[in-house]
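S.K.: Would you mind keeping the following structure in view while I ask a few things?
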Amino acid sequence: MQWKTLGNTPFLPPLYWRAALKRKITGSTLPEQGLRCRVSINPTQVAAYRKVCGFADSPILPATYPHVLAFGLQMQLLTDKGFPFPLLGLIHLSNRIRIHRPMGGVSQLSVGVCAQNLKPHPKGATFDLITTVEDALGLLWEAESRMLCRGVKLDGEAEDTAQPSPTQVSELSRWQAPADIGRRYARVSGDYNPIHLSALTAKLFGFPQAIAHGLWNKAHTLAALGEHLPAANIEIHVEFRKPVRLPSEVTLLASAAGSSGELCLKGAGDIEHMVGKWQPIA
């Protein structure tokens, strides 16, 4: 992997234009280049993110917040001319984060993003968007977001990696996903994907209404789990199933507090929106 270091985080508006203009698959191999950048933590932005996602005030960064720090780099990587798949239309299948040490007292971080692990899938191909966050002591946090691009033809057998639905869970919390949460989350995260913003823009991409961001669902879930989860040495993996249509109410079911456990986010009629588990880092 070749790494390119940027002097500052990318400016998003031109990247949205690049995303809007690219609609075709242009290849079937991932670029061997990753992007890196130093970022500063802005307490005002963190506070706004906490409010939108339901996190309580704390000296420790929310577990999902590094995704926001990395978003510009991810956009630049995925809209680069050399990237073979169009960004609009990618489907976020799953997300795994690992928190190696407590994320408290951090102000300067180094963020890296790259794409790896291209594999055939029954509907196309998947790849992992890898994000790493380092502080002065080394690796602090890392994530893999598995993305699906429909219509890519790859040689090889598609494997089924779906995790089973959790069974030993009981209701922990429920909350409303309001009609405007896609726009509110976009303002704190930078992710203005049209499928999240309004019914009108979602219909252009085949959705009857706007849907909540997958990472808002995960963030709100981790905020609700709060004290149940260790602050570090933890891996949290979720699979996104059926989208949360806006507005709607969701219910979080989870196993008892501990170093490992399972969770499930359900909607009306017992529809599974997200399933997941947490455990110590292997």
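The values are calculated or read from the model by the stated rules, or taken from the named source; none is laboratory data. All values derive from a computational prediction rather than experimental measurement. Glycine also receives a Cβ, built like all others from the backbone with ideal geometry; neighbour counts cover every protein chain displayed. Ligands, DNA and RNA are stripped out before the accessible areas are found, and what is left, the full protein with its side chains, is counted by its heavy atoms. Shrake-Rupley method; radii C 1.70, N 1.55, O 1.52, S 1.80 Å.
S.K.: One residue is enough: does the range 91-101 have a residue meeting the conditions in contact (Cβ under 8 Å) with a residue 24 or more places away in the chain, closer than 25 Å to Q279 by Cα, touching a His at 6+ places or on another chain (Cβ under 9 Å) and among the β-branched types (V, I, T)?
M.R.: Yes; the residues of the range 91-101 include at least one that is in contact (Cβ under 8 Å) with a residue 24 or more places away in the chain, closer than 25 Å to Q279 by Cα, touching a His at 6+ places or on another chain (Cβ under 9 Å) and among the β-branched types (V, I, T).
S.K.: Confirm whether A202 is open to solvent by 30 Å² or more (accessible area, probe 1.4 Å) and either of a type outside the set (D, E, K, R) or part of a loop (DSSP other than H, G, I, E, B) (or both).
M.R.: No.
S.K.: Another one. When the range 50-83 is examined, which residues are found to be among the aromatic types (F, W, Y), under 18 Å from the mean Cα position of the chain (by Cα) and surrounded by fewer than 22 Cβ atoms within 10 Å (Cβ to Cβ)?
M.R.: Of everything in the range 50-83, just one residue is among the aromatic types (F, W, Y), under 18 Å from the mean Cα position of the chain (by Cα) and surrounded by fewer than 22 Cβ atoms within 10 Å (Cβ to Cβ), namely F71.
S.K.: I'd like to know if the range 109-116 contains one or more residues that are open to solvent by 70 Å² or more (accessible area, probe 1.4 Å) and free of Cβ contacts under 8 Å to residues at least 60 places away in the same chain. Step through it out loud before you land on a result.
M.R.: Pass one, the range 109-116, residues open to solvent by 70 Å² or more (accessible area, probe 1.4 Å): 116.
When the remaining residues are screened for being free of Cβ contacts under 8 Å to residues at least 60 places away in the same chain, the result is none.
Looking through the range 109-116, none of the residues is open to solvent by 70 Å² or more (accessible area, probe 1.4 Å) and free of Cβ contacts under 8 Å to residues at least 60 places away in the same chain.
S.K.: Could you grab me the full set of residues in the range 163-172 that are within 23 Å of the chain's Cα centre (by Cα) and either among the acidic types (D, E) or surrounded by 11 or more Cβ atoms within 10 Å (Cβ to Cβ) (or both)?
M.R.: Going residue by residue through the range 163-172, those that are within 23 Å of the chain's Cα centre (by Cα) are 163-166, 172.
Across the range 163-172, the qualifying residues are Q163, S165, P166, L172.
S.K.: So, L148, is that one open to solvent by less than 20 Å² (accessible area, probe 1.4 Å), closer than 18 Å to E239 by Cα and in contact (Cβ under 8 Å) with a residue 24 or more places away in the chain or not?
M.R.: For L148, the condition - open to solvent by less than 20 Å² (accessible area, probe 1.4 Å), closer than 18 Å to E239 by Cα and in contact (Cβ under 8 Å) with a residue 24 or more places away in the chain - is met.
S.K.: Shifting gears a bit: Return the only residue of A186, A223 being in contact with a Phe, Trp or Tyr (Cβ under 8 Å, 6 or more places away or on another chain), open to solvent by 10 Å² or more (accessible area, probe 1.4 Å), closer than 28 Å to Q45 by Cβ and not in a loop (DSSP other than H, G, I, E, B).
M.R.: Of A186, A223, the one residue that is in contact with a Phe, Trp or Tyr (Cβ under 8 Å, 6 or more places away or on another chain), open to solvent by 10 Å² or more (accessible area, probe 1.4 Å), closer than 28 Å to Q45 by Cβ and not in a loop (DSSP other than H, G, I, E, B) is A223.
S.K.: Now for a separate question. Being in a strand (DSSP E or B) and open to solvent by 10 Å² or more (accessible area, probe 1.4 Å) is the filter; apply it to the range 130-144 and report the residue that is nearest to T29 (Cα to Cα).
M.R.: Here is the first cut: in the range 130-144, the ones in a strand (DSSP E or B) are 130-135, 138-144.
Narrowing further to those that are open to solvent by 10 Å² or more (accessible area, probe 1.4 Å): 130, 132, 134-135, 138-139, 142, 144.
Numbers: I130: 16, T132: 22, E134: 28, D135: 31, G138: 30, L139: 28, E142: 23, E144: 18 Å.
Out of the qualifying residues, it is I130.
S.K.: Kindly check whether there is at least one residue in the range 232-239 that is in a strand (DSSP E or B), over 14 Å from R96 (Cβ atoms) and touching a residue at least 60 places away in the same chain (Cβ under 8 Å).
M.R.: Scanning the range 232-239, I find no residue that is in a strand (DSSP E or B), over 14 Å from R96 (Cβ atoms) and touching a residue at least 60 places away in the same chain (Cβ under 8 Å), so the answer is no.
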